[in-house]
Amino acid sequence: MNPALPGSTTAPSAERKHSTVRSALEHASGDKRFKILEAHLKKHQYRQDALIEILHKAQELFGYLEDDLLLFLAFKLKLPPSRVYGVATFYHFFTLKPKGEHTCVLCLGTACYVKGADKVLEAVKARLKIQPGETTADSKVSLLTARCIGACGIAPAAVYDGVVTARQTPQSALDKLNEWRPE
Amino acid sequence: MTFLDLVDLRRKHKANAKRIVLRCCMAAGCMSLNSRKVKERLDEAVREAGLAGVVEVRGVGCMKLCCEGPLVQAEPDETLYIKVTPENAPEIIQALKGKPASVPTTNPHAPFFAKQKLIVLANSGRVNPEEIESYIAADGYSALHHALTEMTPKELVETLVKSGLRGRGGAGFPTGLKWGTVAKSPGTKKYVICNADEGDPGAFMDRSVLESDPHCVLEGMAIAAHAVGGDQGFIYIRAEYPLAISRLQIAIRQAKTLGLLGAGIFEAPFSFNVELRIGAGAFVCGEETALMASVEGKRGAPRPRPPFPAESGLWGCPTLINNVETYANVPAIVRNGPDWFASIGAATSKGTKVFALAGKIRNTGLIEVPMGTPVRVIVEEMGGGAPGAACIKAVQTGGPSGGCIPRDLLDTPVDYESLSKLGSIMGSGGMIVMDEGTNMVEIARFFMEFCMDESCGKCAPCRAGTVQMHKLLDRIAARRGTARDLARLEELCDMVKNTSLCGLGQTAPNPTMSTLRFFRQEYEALLQPERHARSFQTEAPVPEAAAR
């Protein structure tokens, strides 16, 4: 029964009942983000080697790569879930855990390190009481470290919510955190 | 696009050029210090002063003296304003009319600038990276035309061989030889890859080139494609460089529109397309086989070579992989000839090298110097030495794969052989200066932690070796290490260096070995006598009674 034929009375939900595997993985949530992701997959012609590009887009849309999402992509690209999971966990950029409202990325590259980035990190860790890679319990701030963002001329550098900020000191970092989470 | 169209575009751009130009740095460093607002305010101030017909405010790429950003330079008088704020804009415009401004300036002919020899960075800070006509006006794409219409692939390869250009990614493999190998490899489909994964912490040369002069790299890749018989290019760029990615996307689009990329370039039977591939935060993907695995959508795990990418690379096809800086040298070599290039630099290291000078040094930024320049000239004359009253203790080159050059050896010339004799490497160009306040054991531990985190895990020596070396360095740095630990560390360094699968593992011990060679006393000062230390096998402290 082709729902596209005129005069057909087959409702979309009936079609979904015919394929339980498909329904388990297709999101009936109507979430627009999946449509955008689908369009992106189409742009890359569902090619398996576009996996990393697709994961970037998925993380951009959803904030993080949860298991459901990885399974969805595995199905769409006809890849074993183990492969998708293996690629998602290999690259530092991809996160499988939800991020906080604000992101604080501290650069720990050599130039920043030599200029005292480790002290900035200690101060931030002490204030937020979390380790790099974690999010505060109230989901307000995620702390990440980067290995070099290429801004060595303005070391120590930090990226607050995507904005590269120069010459950080423990105090300036704490000031920024106070803006997000008044103590 | 024909050659006449190109010449026409160049002529038109030059004819429309305004007498006075205010160049504003719009590379990532200055942008993070609000240089976009500076440019906008300058635009407004020019309009308010009614000088729109005479003054051009041009957004350009890296102007090299990153520590003094945002930078604005006026042409033709060359006044170089530093630490410019948006509020300074009206004053700068008034200065054009002769009223002296109170905005701080610096000498544009200081040694930092005067001692540079610009080939790769020739257009950086001068052309507008988001306007292809700006590049064309600076002789852009004329090298590609010459290569396509007046040189055979064989002649191109010979030109590169004669020039003596060596790969600028760190290993220094002769570029002409690599091109020749790919050209000779059988196969109808060949790929040209640009390695823009600049993962070395402390290096930002490639980022600057891509943000400031992306067309130079595209032109270099197209010339390479003609030489080796490739028609598809990829630029693998790390995700941490969003500005460089966007500038490249703009550049590729503009080049395609003008027919300088795509099919039938300059109406020759040559087609070349370039696609971007974004990395995802893996240092190991700077290694060529890992990079190719990543382009193929897999985990970035290296594989043994042979087969080399030149014979069997991306999807099994012959692939040319070169670094951003290597490609950026190519248009100049084709334009000026190989002998010109070979006349610059040292005996076996020809041409120039771009260094990212950072750390405990007054003048942080980008410099391009002829190969063979002594390190001392770079850090003391150009860099201005360490800030405050501090003395330079060591200069680190080559990032986590490199080593340090101590104070007494600063007269070492910067060339591939001299640096490797000292146990360091040229690397991609990161040069970190350290002063007396820097603890060399900490530095070794820092680099080992990096290699440990970035190890892909495929081969045991690197996967397990970096962890154990890091543990030992940790213990020694925390004053819990013994002479036995130090001996074990040296053994491990040797083993990991000689048995790892790829360059990451093979060079991970370098910083440790280098600091041991020149700063052994710092390690030895931290060692404890055997009976006070923990045993190697267990983590529990050995009680005093049991040890006796």
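Given the conditions (1) over 22 Å from B:Gly167 (Cα atoms); (2) surrounded by fewer than 23 Cβ atoms within 10 Å (Cβ to Cβ); (3) aliphatic (A, V, I, L, M), and given that B:Ala347 satisfies all but one, which numbered condition is not satisfied?
Every listed condition holds for B:Ala347 apart from (1).
Considering only residues that are out of contact with any Phe, Trp or Tyr (no Cβ under 7 Å at 6 or more places or on another chain), in a helix (DSSP H, G or I) and within 11 Å of another protein chain (Cβ to nearest Cβ), which ones fall in the range A:26-72?
Residues satisfying the conditions are A:Gln48, A:Asp49, A:Ala50, A:Leu51, A:Ile52, A:Glu53, A:Ile54, A:His56, A:Lys57, A:Glu60.
Search the range B:389-436 for residues being in contact (Cβ under 8 Å) with a residue 24 or more places away in the chain, assigned to a loop (DSSP other than H, G, I, E, B) and of a type in the set (Gly, Ala, Ser), and hand back the single one that is surrounded by the fewest Cβ atoms within 10 Å (Cβ to Cβ).
Filtering the range B:389-436 for residues that are in contact (Cβ under 8 Å) with a residue 24 or more places away in the chain, assigned to a loop (DSSP other than H, G, I, E, B) and of a type in the set (Gly, Ala, Ser), the one surrounded by the fewest Cβ atoms within 10 Å (Cβ to Cβ) comes out as B:Ala390.
Considering the range A:137-165 alone, what residues qualify as being among the aliphatic types (A, V, I, L, M), within 14 Å of chain B (Cβ to nearest Cβ) and surrounded by fewer than 20 Cβ atoms within 10 Å (Cβ to Cβ)?
Listed by number, the residues that qualify are A:Leu144, A:Val159, A:Val163.
Restricted to the range A:109-136, and to residues that are assigned to a loop (DSSP other than H, G, I, E, B) and within 12 Å of chain B (Cβ to nearest Cβ), which residue is surrounded by the fewest Cβ atoms within 10 Å (Cβ to Cβ)?
So the residue we want is A:Gly133.
Please enumerate the residues belonging to the range B:268-291 that are touching a Phe, Trp or Tyr at 6+ places or on another chain (Cβ under 9 Å), more than 11 Å from chain A (Cβ to nearest Cβ) and open to solvent by 40 Å² or more (accessible area, probe 1.4 Å).
Residues satisfying the conditions do not exist here.
In the range B:330-344, how many residues are over 13 Å from B:Leu144 (Cα atoms) and either assigned to a helix (DSSP H, G or I) or within 18 Å of the chain's Cα centre (by Cα) (or both)?
5
Which residues, counting only those in the range B:363-388, are surrounded by fewer than 17 Cβ atoms within 10 Å (Cβ to Cβ) and within 12 Å of chain A (Cβ to nearest Cβ)?
Within the range B:363-388, just B:Pro387 meets the criteria.
Evaluate the following for A:Leu106: is it hydrophobic (A, V, I, L, M, F, W, C), assigned to a strand (DSSP E or B) and more than 10 Å from chain B (Cβ to nearest Cβ)?
yes
Out of (1) within 14 Å of another protein chain (Cβ to nearest Cβ); (2) on the phi < 0 side of the Ramachandran plot, what's the single condition that is false for B:Val334?
(1)
Could you tell me which numbered condition B:Phe270 fails, if it satisfies all but one of (1) touching a helix residue (DSSP H, G or I) at 6+ places or on another chain (Cβ under 6 Å); (2) part of a helix (DSSP H, G or I)?
Unmet for B:Phe270, out of (1) touching a helix residue (DSSP H, G or I) at 6+ places or on another chain (Cβ under 6 Å); (2) part of a helix (DSSP H, G or I): (2).
State the number of residues belonging to the range B:437-468 that are away from chain A (no Cβ under 11 Å) and either surrounded by fewer than 18 Cβ atoms within 10 Å (Cβ to Cβ) or part of a strand (DSSP E or B) (or both).
Selection size over the range B:437-468: 5.
With B:Thr348, B:Thr289 as the choices, which residue is within 23 Å of the chain's Cα centre (by Cα) and part of a helix (DSSP H, G or I)?
It is B:Thr289.
Given (1) open to solvent by 60 Å² or more (accessible area, probe 1.4 Å); (2) under 30 Å from B:Ser420 (Cβ atoms); (3) touching a Ser or Thr at 6+ places or on another chain (Cβ under 8 Å); (4) free of Cβ contacts under 8 Å to residues at least 60 places away in the same chain, identify the lone condition not met by B:Glu91.
(2)
Please specify each residue of the range B:488-508 satisfying the condition of being of a type in the set (A, V, I, L, M), part of a helix (DSSP H, G or I) and open to solvent by 50 Å² or more (accessible area, probe 1.4 Å).
B:Met495 - this is the single residue of the range B:488-508 that is of a type in the set (A, V, I, L, M), part of a helix (DSSP H, G or I) and open to solvent by 50 Å² or more (accessible area, probe 1.4 Å).
Just name the residue that is surrounded by the fewest Cβ atoms within 10 Å (Cβ to Cβ) out of those in the range B:294-319 that are outside any loop (DSSP other than H, G, I, E, B) and more than 10 Å from chain A (Cβ to nearest Cβ).
Step by step, filter the range B:294-319, then rank; the result is B:Gly316.
Please find, within the range B:189-216, the residue that is farthest from the other protein chains (Cβ to nearest Cβ) out of those that are hydroxyl-bearing (Ser, Thr, Tyr) and either part of a helix (DSSP H, G or I) or without any contact (Cβ under 8 Å) to a residue 40 or more places away in the chain (or both).
Per the criteria, the residue is B:Ser212.
Name the one entry in B:Ala222, B:Ala196 that is farther than 25 Å from B:Lys64 by Cβ and at pLDDT 95 or above.
Exactly one residue qualifies, and that residue is B:Ala222.
Which residues, counting only those in the range B:222-259, are within 14 Å of another protein chain (Cβ to nearest Cβ) and part of a helix (DSSP H, G or I)?
Those that are within 14 Å of another protein chain (Cβ to nearest Cβ) and part of a helix (DSSP H, G or I): B:Pro242, B:Leu243, B:Ala244, B:Ile245, B:Ser246, B:Arg247, B:Gln249.
How many of the residues making up the range A:166-183 are crowded, with 20+ Cβ neighbours inside 10 Å and within 10 Å of another protein chain (Cβ to nearest Cβ)?
1
Out of all the residues in the range B:213-260, which are more than 19 Å from B:Ala143 (Cα to Cα) and surrounded by 24 or more Cβ atoms within 10 Å (Cβ to Cβ)?
Passing the criteria: B:Ile235, B:Ile237, B:Arg238, B:Glu240, B:Tyr241, B:Ala244, B:Leu248.
Can you tell me which residue in the range B:34-53 is nearest to the other protein chains (Cβ to nearest Cβ), limited to those that are without any contact (Cβ under 8 Å) to a residue 40 or more places away in the chain and outside any helix (DSSP H, G or I)?
B:Ala52
Condition test on B:Arg480, is it more than 30 Å from the chain's Cα centre (by Cα), modelled with pLDDT under 95 and either closer than 18 Å to B:Asn439 by Cα or aliphatic (A, V, I, L, M) (or both)?
For B:Arg480, the condition - more than 30 Å from the chain's Cα centre (by Cα), modelled with pLDDT under 95 and either closer than 18 Å to B:Asn439 by Cα or aliphatic (A, V, I, L, M) (or both) - is met.
For residues that are touching a helix residue (DSSP H, G or I) at 6+ places or on another chain (Cβ under 6 Å) and part of a loop (DSSP other than H, G, I, E, B), tally how many sit in the range B:469-487.
So the count comes out to 3.
When the range B:323-344 is examined, which residues are found to be within 24 Å of B:Leu291 (Cβ to Cβ) and open to solvent by 10 Å² or more (accessible area, probe 1.4 Å)?
Correct list: B:Asn323 only.
The values are calculated or read from the model by the stated rules, or taken from the named source; none is laboratory data. These figures come from a predicted structure and were not determined experimentally. A quick note on method: Cβ atoms are made from the backbone with ideal geometry, for glycine too, and the neighbour counts reach across all protein chains shown. For accessibility, only protein heavy atoms count, side chains too; no ligands or nucleic acids. Shrake-Rupley method; radii C 1.70, N 1.55, O 1.52, S 1.80 Å.
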